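This report concerns only the one structure given below.
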Amino acid sequence: MKVVIVGCGRVGAALAEAFDGLGHNVTIIDTSTRAFDRLSDSFSGEAIRGDGTDEDVLRRAGAEDADVFVALTEGDNRNIMATQVAMENLGAKQAIAKINDPVRAAAYAELGIATVCRTTMLTDALLGFLGLKPTGMPSVIAPVPHVHEEGAPMLGASPLSRAAGRSPAEG
Amino acid sequence: MFVLVVGGGKVGYYLTKELIESGHEVVLMEKDRERASQIADELGSIVVPHDGCEGKYLGEAGCSRADIVAAVTGDDEDNLVICQMANHHFDVPRTIARVNNPKNESLFRHMGVDEIISPTRMILGSIEQDIPVHELLHLGALADDLEIIEAHLQPDSPAVGRAPADLAIPDGCSLFAVVRNGIATPLRPDTVLAEGDKVIAIGRADCERLLHEQLIGTPMEDEAS
């Protein structure tokens, strides 16, 4: 699998190494070369310095052929834009953006981007650890299937209600 | 008209000021508190000192009743997200975004931003108008101070309608090929040059000025004056 990761922070670096260890073809992008110090010497993937929202940089990283594209920088909007460039302009097959604002995370899932929200993830983990009832807000939201019709409103169940209404397979 | 402006930099500030002066209702969102209070001192309590990318604050600023949202921060990714949130989450009928990287224009359009303003593109367009398109083009350098040069013949070129033999080609320089409609052919004594031809020449660098006069027509501009 071809994997492109934007943002070589702790999560980005750990994910890159995990994919690399499983034998996948990994390219990681960061604006700072110092961020690549987080990668261990055994990392055999590629590290590219550049702006992950820049189409040219993403092209150089091979986002056009990416099976998985993950944007994990500290900026919600940078992650959103990077995944949109990767999917809309370059045709990446699957893209996931880390969006820490729960409102934006849910809104973008409706616009066709898979989102990961650290805010809801940590909140629920902490509530659960302390024996309290978790909020139940999903922290990983699959995108609503993209029906692209000019002028038509985005219909279909919201990811929240879909997640809540999910029941064990019937047959 | 109720306009929500996001980004209190120079553009956002003057935009807000002009809109107020022409009688519109305006709210400006600026996340830098110091900058926000500075603008509020001048323009009154129309400044929301919060991040306009955050759904919660967009809502509090009255985004859902805005007629227009103008995203004019210095960051393309912020402007795109502001417009998308306004459009899809708050049903704002019209969104305007400032785009800095011209390569992002198509993405913004594709993502449903109604109006795209690209200062970079505007300045670029203005500069390109000032650069003559009919200059000589250096294709490559050879040994012995020789260069390969291409001249793109414009309608006003003195070479149009003439054969190479009729031109005063400087010594030490030779025209050897012409590219017409994408097809390259060797220049023959009876070739008649036409508008749009690309004439390929090899010559010493100091022939350039004469070559320019013969093929382009206008005297060559000095690099420094």
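The values are calculated or read from the model by the stated rules, or taken from the named source; none is laboratory data. Because the structure is a prediction, the values reported are computed rather than measured. Positions of Cβ are backbone-derived with ideal geometry, glycine not excepted, and every protein chain shown enters the neighbour counts.
The listed residues are A:Ala107, A:Ala86, A:Ala82, and the only one of them that is facing another protein chain (nearest Cβ under 10 Å), in contact (Cβ under 8 Å) with a residue 60 or more places away in the chain and surrounded by 21 or more Cβ atoms within 10 Å (Cβ to Cβ) turns out to be A:Ala82. Quick test for you: out of B:Asp67, B:Asp75, pick the one residue that is under 20 Å from A:Asp56 (Cα atoms) and either of a type in the set (Asp, Glu) or over 21 Å from the mean Cα position of the chain (by Cα) (or both). Exactly one of B:Asp67, B:Asp75 is under 20 Å from A:Asp56 (Cα atoms) and either of a type in the set (Asp, Glu) or over 21 Å from the mean Cα position of the chain (by Cα) (or both), namely B:Asp75. Within segment B:18-57, the set of residues being within 29 Å of the chain's Cα centre (by Cα) and closer than 27 Å to B:His89 by Cα comprises B:Leu19, B:Leu28, B:Met29, B:Glu30, B:Gly52, B:Cys53.
Just to be sure I understand the filter: pairs with C-beta atoms under 7 Å, separated by 6 or more residues or on different chains, first member in segment B:102-119 and assigned by TED's automatic domain parsing to the domain that holds B:His89, second member among the aromatic types (Phe, Trp, Tyr). Which pairs pass? Qualifying pairs under 7 Å: B:Ile116/B:Phe108. Of all the residues in segment A:60-74, those that are surrounded by fewer than 21 Cβ atoms within 10 Å (Cβ to Cβ) and within 13 Å of another protein chain (Cβ to nearest Cβ) number 1.
Residues in segment A:14-59 that are of a type in the set (A, V, I, L, M), within 14 Å of chain B (Cβ to nearest Cβ) and either within 17 Å of A:Gly75 (Cα to Cα) or surrounded by 20 or more Cβ atoms within 10 Å (Cβ to Cβ) (or both): A:Leu58 only.
Criterion applied to B:Val69, B:Val48 was being within 23 Å of B:Gly112 (Cβ to Cβ) and more than 14 Å from every other protein chain (Cβ to nearest Cβ), and the one residue passing it is B:Val69.
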